[in-house]
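Structure first, then comments.
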C-alpha cells in the first residue's frame, strides 16, 4: 500500500486537488460564493498589509509634497515663485479640506435623516477583475459588521458585505455581475430585479413588457430581499430596449453612486423600523 | 537552507497582492491579472511538477479576492498549468519577445475557461463586446506587458538567493 502511494504520489496528489476543486464548486451551485476559511485567512493576513501600504503611501506623499518639493523651490532661490507655490499648495490643501468637509457633512446629514444604526468605514482597497468588482473596508466584525449587511452612501446604494474579518471587510459592489437584488421604480412603484453586468452598469431583468418604464426614472431599493433597507436610490434608467415580441423589456441603469470615487461608505447594521434586518446575515 | 526556493514565490505573491488590492485597484483601465502572471512565470521558469500545485495556490489566492464561486480560478489555473508546463518543458526558449505573447495567451485562456466553467456549472452567460474589449485592453494586454518586469524580478531573486529553480538547485 505504502509502495503504491509512494509510486503514484504525483497522480494521487493531482487527483486530490482536482477532487477538492470539483467538490468545492459543486457545493456552491445552490448557494453561490459560500464563505470559506481560506479566503477569510488571506483577507485577515493581507488587511494589515493594506493598511500599512496606505499609511506609508500617505506618509511618503506628504513628505514629498510638504518637504522635498519645498527644498526644490528654495534651490531655485526665487522668492516670488516660492510664495506662489506655497499659496497654491495652501489653496490645494484648502480645497482638499473643503472637499473632505463637504463629504463628511453629507455623511453627517445622512446620519441625521436616516435613523438606522450604522458604521462609517473608509475604503482601503479595491479589486477589479474581469468577473468581479470588490472594495476592501477598514472596519470588520469588531465594529459589528456581518456578512450581507448593506453598504451605502448618502447618494445611494453601494453594495453588500461579501466577507468579514475582525478588522476588515470586503464589499461586493451593486455593479458586480454576481450581484442581484429587488427594486422599485419610484414613479409607478413597479417591482423589478436589478443585476450588475460585465460593463460596470446595472440591468433591470425580467421586467414585464406592459409595465410603464421611462428613460430617467429613478429606481430605489424595495427592501424585499431583507438585505437593502427600503427607499435608497439605486440609479436612473439610461436606456430601454423593447423588442417587437417577447414577455419582457430590458433596461440599463446608471448607478446613483459614482462607484469609482468612493472614499468613505456607511455600513447599515440594522434598520430602525425592523431590528431583525438584514434577514440573511450570519 | 533548503527553504530558499520558497522566497521567490512568497515575494512575488506579496507584490501581486499589494499591487492588485491597493496600487492598481483605483485604475479602471489597467487591471492586470497578477496572480495569473505569477503562476505562468513559475511554470515557464521552474518547470518541475510542483508548479501545478503552485498554480492552484495562486488560483485560490485570486479566488480570495473575487466574487465568483470559490475555487473557479484555482481549478482554472491548475488545469491550465498542464499545457503551459508541457510548453515550458518541450518548446519554450527564454526569448524576450515570446514572453508577452505567452502571458497574453495564458490570460485569455484563463478568462475563457473561467467563463466556460461559470456557464457550465452556474448557467452564467452575460458576455458582451464592450466587456471583451475592456478585458483585452485593461486585463490581457497589461498582463502581457508586465511579464517582463516579473520575469526579470524572478531571475534577479534567483541570482541573489543563489538558487536555480529550473535545475532544482535550492
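On the basis of being at pLDDT below 90 and touching a strand residue (DSSP E or B) at 6+ places or on another chain (Cβ under 8 Å), does residue B:67 make the cut? Explain how you work it out, then say what you get.
Numbers: at pLDDT below 90: yes; touching a strand residue (DSSP E or B) at 6+ places or on another chain (Cβ under 8 Å): yes.
Yes; evaluated as a whole, the condition is true for this residue.
When you look at residue A:139, is it more than 13 Å from chain B (Cβ to nearest Cβ) and assigned to a loop (DSSP other than H, G, I, E, B), yes or no?
Numbers: more than 13 Å from chain B (Cβ to nearest Cβ): yes; assigned to a loop (DSSP other than H, G, I, E, B): yes.
Yes, satisfied.
When we screen B:6, B:51, B:76 for residues that are farther than 27 Å from residue B:116 by Cα, part of a helix (DSSP H, G or I) and more than 7 Å from chain A (Cβ to nearest Cβ), the only hit is B:6.
Can you give me the number of residues within region A:17-29 that are within 10 Å of chain B (Cβ to nearest Cβ) and either outside any helix (DSSP H, G or I) or surrounded by fewer than 13 Cβ atoms within 10 Å (Cβ to Cβ) (or both)? Let's see the steps before the verdict.
We begin by selecting, within region A:17-29, every residue within 10 Å of chain B (Cβ to nearest Cβ); these are A:17-18, A:20-29.
Now narrow it down to the ones that are either outside any helix (DSSP H, G or I) or surrounded by fewer than 13 Cβ atoms within 10 Å (Cβ to Cβ) (or both): A:23, A:26-29.
Matching residues across region A:17-29 total 5.
Just one of the listed residues (B:14, B:30) is surrounded by fewer than 24 Cβ atoms within 10 Å (Cβ to Cβ), more than 7 Å from chain A (Cβ to nearest Cβ) and closer than 22 Å to residue A:137 by Cβ, namely B:14. Among the residues of region B:53-72, those identified as within 21 Å of residue B:165 (Cα to Cα) and either within 12 Å of the chain's Cα centre (by Cα) or buried (at least 24 other Cβ atoms within 10 Å of the Cβ) (or both) are B:54, B:55, B:56, B:57, B:58, B:59.
A quick yes/no check of all residues on (1) surrounded by 15 or more Cβ atoms within 10 Å (Cβ to Cβ); (2) under 30 Å from residue A:179 (Cβ atoms); (3) at pLDDT 85 or above:
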| residue | (1), (2), (3) |
| --- | --- |
| B:109 | yes, yes, yes |
| B:112 | no, yes, yes |
| B:117 | yes, yes, yes |
| B:131 | yes, yes, no |
| B:137 | no, yes, yes |
| B:146 | yes, yes, yes |
| B:157 | yes, no, yes |
| B:170 | no, no, no |
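Of all the strands (runs of 3 or more DSSP E) wholly in region A:142-255, which have at least 3 residues that are without any contact (Cβ under 8 Å) to a residue 24 or more places away in the chain? I'd like the intermediate steps shown before the answer.
Values: elements: A:150-153, A:156-165, A:168-173, A:180-185, A:190-196, A:202-208, A:218-221, A:233-241, A:248-255.
Of the strands (runs of 3 or more DSSP E) lying wholly inside region A:142-255, those with at least 3 residues that are without any contact (Cβ under 8 Å) to a residue 24 or more places away in the chain span A:190-196.
Apart from one condition, residue A:151 fits all of (1) within 14 Å of chain B (Cβ to nearest Cβ); (2) under 18 Å from residue A:42 (Cα atoms); the exception is (2). Yes or no: residue A:129 more than 12 Å from chain B (Cβ to nearest Cβ) and either farther than 17 Å from residue A:258 by Cα or surrounded by fewer than 18 Cβ atoms within 10 Å (Cβ to Cβ) (or both)? Against the criterion (more than 12 Å from chain B (Cβ to nearest Cβ) and either farther than 17 Å from residue A:258 by Cα or surrounded by fewer than 18 Cβ atoms within 10 Å (Cβ to Cβ) (or both)), residue A:129 does not qualify. Restricting to region A:2-16, and then to whatever is part of a helix (DSSP H, G or I) and away from chain B (no Cβ under 12 Å), can you tell me which residue is nearest to the chain's Cα centre (by Cα)? So the residue we want is A:12. Once region B:58-72 is narrowed to residues that are touching a residue at least 24 places away in the same chain (Cβ under 8 Å) and part of a helix (DSSP H, G or I), the residue that is farthest from the other protein chains (Cβ to nearest Cβ) is B:58.
For beta carbons closer than 8 Å, sequence separation of 6+ or different chains, a first residue in region B:108-133 that is touching a residue at least 24 places away in the same chain (Cβ under 8 Å) and facing chain A (nearest Cβ under 10 Å) and a second that is surrounded by fewer than 17 Cβ atoms within 10 Å (Cβ to Cβ) and assigned to a helix (DSSP H, G or I), the qualifying pairs are B:121/A:26.
Residues that are in contact (Cβ under 8 Å) with a residue 40 or more places away in the chain and in contact with a strand residue (DSSP E or B) (Cβ under 8 Å, 6 or more places away or on another chain) within region B:1-57 comprise B:20, B:21, B:28, B:31, B:33, listed in sequence order.
The values are calculated or read from the model by the stated rules, or taken from the named source; none is laboratory data. Just so we're clear, the structure is a prediction, and the values are computed from it rather than from any experiment. Here the Cβ is made from the backbone with ideal geometry for all residues, glycine too, and neighbour counts use every protein chain on show.
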